[in-house]
Amino acid sequence: MKRWLKIVLAIPIFYICLFVIVYFLGLNGNSGFAQQYKFDVKKGYLIRTVEDFKTKNKEFIPVSRYGAIDYLDTMTTHFVAYIYYPAEDEIVCFYIDSKPDEPNQSYLNLLSVNRGLREPQYKLVNKDFGRSENLEIKKNFQERFLKKLSLEYSDAGNGNFVFWK
């Protein structure tokens, strides 16, 4: 086979492989490591519920000088939020999203934890922690935050890499 033909054929094969790798590794805008919690409410309602909770429970609001300010990511339409555990001195990052084919459901994705109020050094849940520490982080998040939202939810796992919930 001629060299130029090999090059012409290699280019689309390269891009197809790149797409498959990006899609299956969770690099398509979502974290493949995030622990997902499914709610049977619309995304906007879940966002308002989180904001109301933080308004009523000011101790859960991290100090803004550490860059932990809630925002709507206009590229992905995820609502990124942070809560603070004063006793543990931890900032927890999560985001809320929904799927276009499920407009009456939303997902809260526990993403990462920053230990201490210093330069952000977030570690990813289901990646940077050992099994027992991961389980403790998720249990703490559910008990201290999710259950207090007073909405029914289910633990949807992370759907990708880790075999424990």
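Of (1) out of contact with any helix residue (DSSP H, G or I) (no Cβ under 6 Å at 6 or more places or on another chain); (2) at pLDDT 95 or above; (3) open to solvent by less than 10 Å² (accessible area, probe 1.4 Å); (4) not basic (Lys, Arg), LEU110 satisfies all except one. Which?
(1)
Would you be able to tell me the number of residues in the range 113-131 that are open to solvent by less than 60 Å² (accessible area, probe 1.4 Å) and not polar (S, T, N, Q)?
7
Filtering the range 143-155 down to residues that are in contact (Cβ under 8 Å) with a residue 40 or more places away in the chain and part of a helix (DSSP H, G or I), which residue is most open to solvent (accessible area, probe 1.4 Å)?
Out of the qualifying residues, it is LYS148.
Checking THR76 against (1) surrounded by 12 or more Cβ atoms within 10 Å (Cβ to Cβ); (2) within 20 Å of ASP155 (Cα to Cα), which single condition isn't satisfied?
That leaves (2) as the condition not met.
Can you list the strands (runs of 3 or more DSSP E) lying wholly within the range 77-125 that have 1 or more residues being within 20 Å of GLU136 (Cα to Cα) and among the acidic types (Asp, Glu)?
90-99
What are the residues in the range 132-142 that are surrounded by fewer than 13 Cβ atoms within 10 Å (Cβ to Cβ) and under 22 Å from ASP40 (Cα atoms), if any?
LYS139, the sole residue that qualifies.
In this structure, is TYR85 under 20 Å from ASP155 (Cβ atoms), crowded, with 17+ Cβ neighbours inside 10 Å and at pLDDT below 95?
yes
Please determine whether any residue of the range 90-98 is surrounded by fewer than 12 Cβ atoms within 10 Å (Cβ to Cβ), closer than 24 Å to ASN57 by Cβ and of a type outside the set (Lys, Arg).
No, every residue in the range 90-98 fails to be surrounded by fewer than 12 Cβ atoms within 10 Å (Cβ to Cβ), closer than 24 Å to ASN57 by Cβ and of a type outside the set (Lys, Arg).
Quick check on my filter: what residues within the range 47-73 are out of contact with any helix residue (DSSP H, G or I) (no Cβ under 8 Å at 6 or more places or on another chain) and open to solvent by less than 90 Å² (accessible area, probe 1.4 Å)?
The answer is ILE47, GLU51, ASP52, THR55, PRO62, VAL63, SER64, TYR66, GLY67, ALA68, ASP73.
The values are calculated or read from the model by the stated rules, or taken from the named source; none is laboratory data. Just so it is clear, the structure is predicted and the values come from calculations on it, not from any experiment. Neighbour counts are summed over all protein chains in view; Cβ atoms, including those assigned to glycine, are modelled from backbone coordinates with ideal geometry. For the accessible areas, the whole protein counts, side chains as well, though only heavy atoms, and no ligand, DNA or RNA atoms are used. Shrake-Rupley method; radii C 1.70, N 1.55, O 1.52, S 1.80 Å.
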